[in-house]
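Okay, structure first, notes after.
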Amino acid sequence: MGIEIEDKFDVPPDYEVPDLGATIGPKSYQLVALYYDTADLRLARRGVTLRRRRGGSDPGWHLKLPKAKGARQEITHPLTRSIKVVPTELSELVLAFTRGADLQIVAELDTRRTVVRLGNDLEVADDRVKGTVMGEEPRVVRWREVEAELLDGDRKLLAKVGKKLMKAGATPAGAASKLARLLEPPPLDRAATEAGSAGAVVVDYLAGHVAALLSQDPRVRRAEDDAVHQMRVASRRMRSALKAFKSVITDTDELQEELKWLGTVLGEARDLEVIRARFDGHLRSLAPELVTGPIQTRLGEDLHKREQEAYERIREALRGERYFALLDALDRMVTAPKLTGRAGKAAQQQLTAAAAKNWNRVTRAYDTAQAIDDPERREIAMHDVRKAAKRARYTAEALRPALGKDMGRLAKHAEAVQEVLGKHQDGVVAQETLAKEAETARQAGEDTFTYGLLIGIERNTAERAHADFPAVWARTVEAVGKLL
């Protein structure tokens, strides 16, 4: 796997690459690449490319995922004999896009590439391309383009070289990739909404999180760092938005339940991932003489094994028809949502009320919890306050781009409540986990001294958060009262 940081430029046939200073090269390659997609170009429409390439310095299979933060993730696989069968490791990584549809050769790119390098920092490739679109009557297109790709330099160097190339007559590429230029895939469908309307704000927000969920799917399948968390957050934010904006988009109860299911599927591995890192941090902070018995194995390797087993259950779910049906439903939510009459009204008018309503849910949950006399039942009810605060935060964050800074402030205030309650809840759950692990260790005849220390640390964390909450709540209620 690699990360591509590059800029592409369109150039005329007679373009002359300018003097870039001390360079290594030029060196020329002949690259022949076959591109794979579904018959209706599901990969290309999402900015995904899958190819089998011969020639050059990196022959093999290449899967390029959509650009994020200026970089594209590229996953490679050694060249195989067959040109008809895509390696399983790669075909499974694009299942969220193909939904099980067959992959076939849709195009061929024959590229004469001339490369120069600026040391080991940056590479400039001058490509003369012959592209062929497959079909009953193949269509051939020829063009020339230049790519500047960072190898080990910084973005300032990339920008500097880009300026030189444009000064010589290059223009920023009109397509994200050679394949997109050749195939010209139709844009993704989107519901027709009036700019500035409540419907436009809600649909745009949901569409962004559908894209976010899909972008994390291949990373989750590879168990990459933070991927499960990001995918679960995307599903939670969509579910929260569908609840918060039901006056704008309706008939989503079934979709909300399926998003809840996906969050549950992802949750086990994420929770194990978090608590394993939490315990590892505690153990690292202790003096060596305080770490007794095989506790690092139990709280490290054993939890990691359970985490990997949870990942296998995730992968199994992500191969299933239920998941594909959910993705299809998310697409329909963006392309043909059931919008109410209020969707056509101004966002400022309709959605500010939604933000206020969701904050009122937080205060009602708090009042309900505080009215309970039994301490244990009250603590359980406070978990509902945390969930309501998270929903209020997500709602305000969704509205920040359209409604302005007050929504950003509201999101921060809701997050403060969510975080302090979360610290308390996390400390309680950690104590329960440690107590179970300590009992298992005791039955195995192991020293449980360090478990007691960790339980003490977690109890202190929970009690401190509990003590901090009243002041946080008072400040938050006062601040939100000035906003809404």
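Quick notes
- The range 13-58, residues that are among the basic types (Lys, Arg) and either over 29 Å from the mean Cα position of the chain (by Cα) or assigned to a loop (DSSP other than H, G, I, E, B) (or both): 27, 46, 54
- Set 312, 307: member being open to solvent by less than 20 Å² (accessible area, probe 1.4 Å), acidic (Asp, Glu) and either within 26 Å of the chain's Cα centre (by Cα) or farther than 30 Å from residue 90 by Cα (or both): 307
- Of the listed requirements (1) surrounded by 20 or more Cβ atoms within 10 Å (Cβ to Cβ); (2) charged (D, E, K, R); (3) at pLDDT 95 or above, residue 257 misses just one: (1).
- Number of residues in the range 19-36 that are open to solvent by less than 50 Å² (accessible area, probe 1.4 Å) and either closer than 26 Å to residue 105 by Cα or at pLDDT 95 or above (or both) equals 6.
- Matching option when the condition is in contact (Cβ under 8 Å) with a residue 60 or more places away in the chain, of a type in the set (Asp, Glu) and either in contact with a Phe, Trp or Tyr (Cβ under 9 Å, 6 or more places away or on another chain) or within 20 Å of residue 273 (Cα to Cα) (or both), among 426, 447: 426
- Matching option when the condition is over 20 Å from residue 63 (Cα atoms), without any contact (Cβ under 8 Å) to a residue 24 or more places away in the chain, touching a strand residue (DSSP E or B) at 6+ places or on another chain (Cβ under 6 Å) and charged (D, E, K, R), among 139, 144, 112: 139
- Pick from the range 337-361, criterion outside any helix (DSSP H, G or I) and more than 19 Å from residue 401 (Cα to Cα), ranking: most open to solvent (accessible area, probe 1.4 Å): 338
- Residues considered: 129, 140. Of these, the only one that is modelled with pLDDT of 90 or more, touching a Gly at 6+ places or on another chain (Cβ under 8 Å) and part of a strand (DSSP E or B) is 140.
Residue-by-condition table, conditions (1) aromatic (Phe, Trp, Tyr); (2) closer than 30 Å to residue 270 by Cβ; (3) open to solvent by 50 Å² or more (accessible area, probe 1.4 Å); (4) outside any helix (DSSP H, G or I):
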position	(1), (2), (3), (4)
165	no, no, no, no
175	no, no, no, yes
186	no, no, yes, yes
204	no, yes, yes, no
209	no, yes, no, no
217	no, yes, no, no
220	no, yes, no, no
223	no, yes, no, yes
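- Test: residue 243 is farther than 18 Å from residue 317 by Cβ and open to solvent by 10 Å² or more (accessible area, probe 1.4 Å): yes
The values are calculated or read from the model by the stated rules, or taken from the named source; none is laboratory data. Note that the structure is a prediction, hence the values are computed from the model and not measured. Positions of Cβ are generated from backbone atoms using ideal geometry, with glycine treated the same way; all protein chains shown enter the neighbour counts. Keep in mind that these areas ignore ligands, DNA and RNA; they rest on the heavy atoms of the full protein, side chains included. Shrake-Rupley method; radii C 1.70, N 1.55, O 1.52, S 1.80 Å.
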